[in-house]
Amino acid sequence: MAALPQSSIDLSQGVVFQDQPSLTWIADPVTKRLRGRGDGWEAVRQAVEIIVNVERFYWQIYTPNFGTDLDGLIGGAPGFVASELQRRLTDAFLPDSRILGIEDFSYTFRDAVLTAQVAVNTVFGPVNTTVEVTLA
């Protein structure tokens, strides 16, 4: 009896990776109900919104590589928070293969709140989003 499992799969020709469909349930933010299933740009738009609004490492329902780590930015200087927020957003989008990167990062600081606008480049087209960090 062999100590290691045996398999008849031949990997000598390489492995072909295929992207899975992005079909998901779409939540309506106004009615707070599911309004059906969506795919493509609509599904990735919802994923971007969830990623920027979920605190990383906080919710056990999400894996540790999902969400944005914003807690460590509270109380920081506006310039530092802006540059670190840009890096953390880039890092948050890395696990999703549908997201290619971010651009047009701009921010405003008012009443101890830093508001950043960013265009997220996806394989289906750009998604614009806003992230707010309270600095006080």
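The values are calculated or read from the model by the stated rules, or taken from the named source; none is laboratory data. Here the structure is a predicted model, which is why all the values come from computation and not from measurement. Neighbour counts run over all protein chains shown; Cβ positions are idealised from the backbone, glycine included.
Just the residues that are within 12 Å of VAL52 (Cα to Cα) and in contact with a Ser or Thr (Cβ under 6 Å, 6 or more places away or on another chain), please, taken from region 105-117. Don't jump to the end; show me each part of the working.
First, the residues of region 105-117 that are within 12 Å of VAL52 (Cα to Cα): 116-117.
Once the filter is applied, which keeps residues that are within 12 Å of VAL52 (Cα to Cα) and in contact with a Ser or Thr (Cβ under 6 Å, 6 or more places away or on another chain), region 105-117 yields only GLN117.
Quick one: in region 29-41, of everything that is among the charged types (D, E, K, R) and in contact with a Ser or Thr (Cβ under 9 Å, 6 or more places away or on another chain), which residue is surrounded by the fewest Cβ atoms within 10 Å (Cβ to Cβ)? Explain how you work it out, then say what you get.
Of region 29-41, the ones among the charged types (D, E, K, R) are 32-33, 35, 37, 39.
Checking the rest, the ones that are also in contact with a Ser or Thr (Cβ under 9 Å, 6 or more places away or on another chain) come to 37, 39.
On the way: ARG37: 11, ASP39: 13.
Checking each candidate, the answer is ARG37.
What do you reckon, is ALA2 under 17 Å from the mean Cα position of the chain (by Cα) and either modelled with pLDDT of 90 or more or not charged (D, E, K, R) (or both)?
Working: under 17 Å from the mean Cα position of the chain (by Cα): no; either modelled with pLDDT of 90 or more or not charged (D, E, K, R) (or both): yes.
For ALA2, the condition - under 17 Å from the mean Cα position of the chain (by Cα) and either modelled with pLDDT of 90 or more or not charged (D, E, K, R) (or both) - is not met.
Only one of the numbered conditions (1) over 24 Å from GLN20 (Cβ atoms); (2) surrounded by 15 or more Cβ atoms within 10 Å (Cβ to Cβ); (3) among the polar types (S, T, N, Q) is violated by THR129, and that is (1).
Among the residues making up region 41-100, those that are over 30 Å from PRO21 (Cβ atoms), among the hydrophobic types (A, V, I, L, M, F, W, C) and either under 9 Å from the mean Cα position of the chain (by Cα) or outside any loop (DSSP other than H, G, I, E, B) (or both) are LEU73, PHE80, VAL81, ALA82, LEU85. One residue stands out among those in region 50-64 that are over 20 Å from ASN128 (Cα atoms) and not polar (S, T, N, Q): the one that is surrounded by the most Cβ atoms within 10 Å (Cβ to Cβ), which is ARG56. When THR90, THR122 are checked against the criterion of being touching a strand residue (DSSP E or B) at 6+ places or on another chain (Cβ under 7 Å), farther than 20 Å from PRO29 by Cα and touching a residue at least 40 places away in the same chain (Cβ under 8 Å), a single residue qualifies: THR122. For region 6-28, the candidate set comprises residues that are modelled with pLDDT of 85 or more and surrounded by 10 or more Cβ atoms within 10 Å (Cβ to Cβ); within that set, the residue that is farthest from ARG98 (Cα to Cα) is ASP28.
Scan region 27-40 for residues that are assigned to a strand (DSSP E or B) and more than 30 Å from LEU73 (Cα to Cα) and the total you get is 6. Scanning region 68-75 for residues that are in contact with an Asp or Glu (Cβ under 7 Å, 6 or more places away or on another chain) and of a type in the set (A, V, I, L, M) turns up at least one hit.
One line per residue, one yes/no per condition, for (1) within 16 Å of THR129 (Cβ to Cβ); (2) in contact with a helix residue (DSSP H, G or I) (Cβ under 9 Å, 6 or more places away or on another chain); (3) touching a residue at least 24 places away in the same chain (Cβ under 8 Å):
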site: VAL30; (1), (2), (3): no, no, no
site: GLY36; (1), (2), (3): no, no, no
site: VAL44; (1), (2), (3): yes, no, yes
site: VAL48; (1), (2), (3): yes, yes, yes
site: ILE102; (1), (2), (3): yes, yes, no
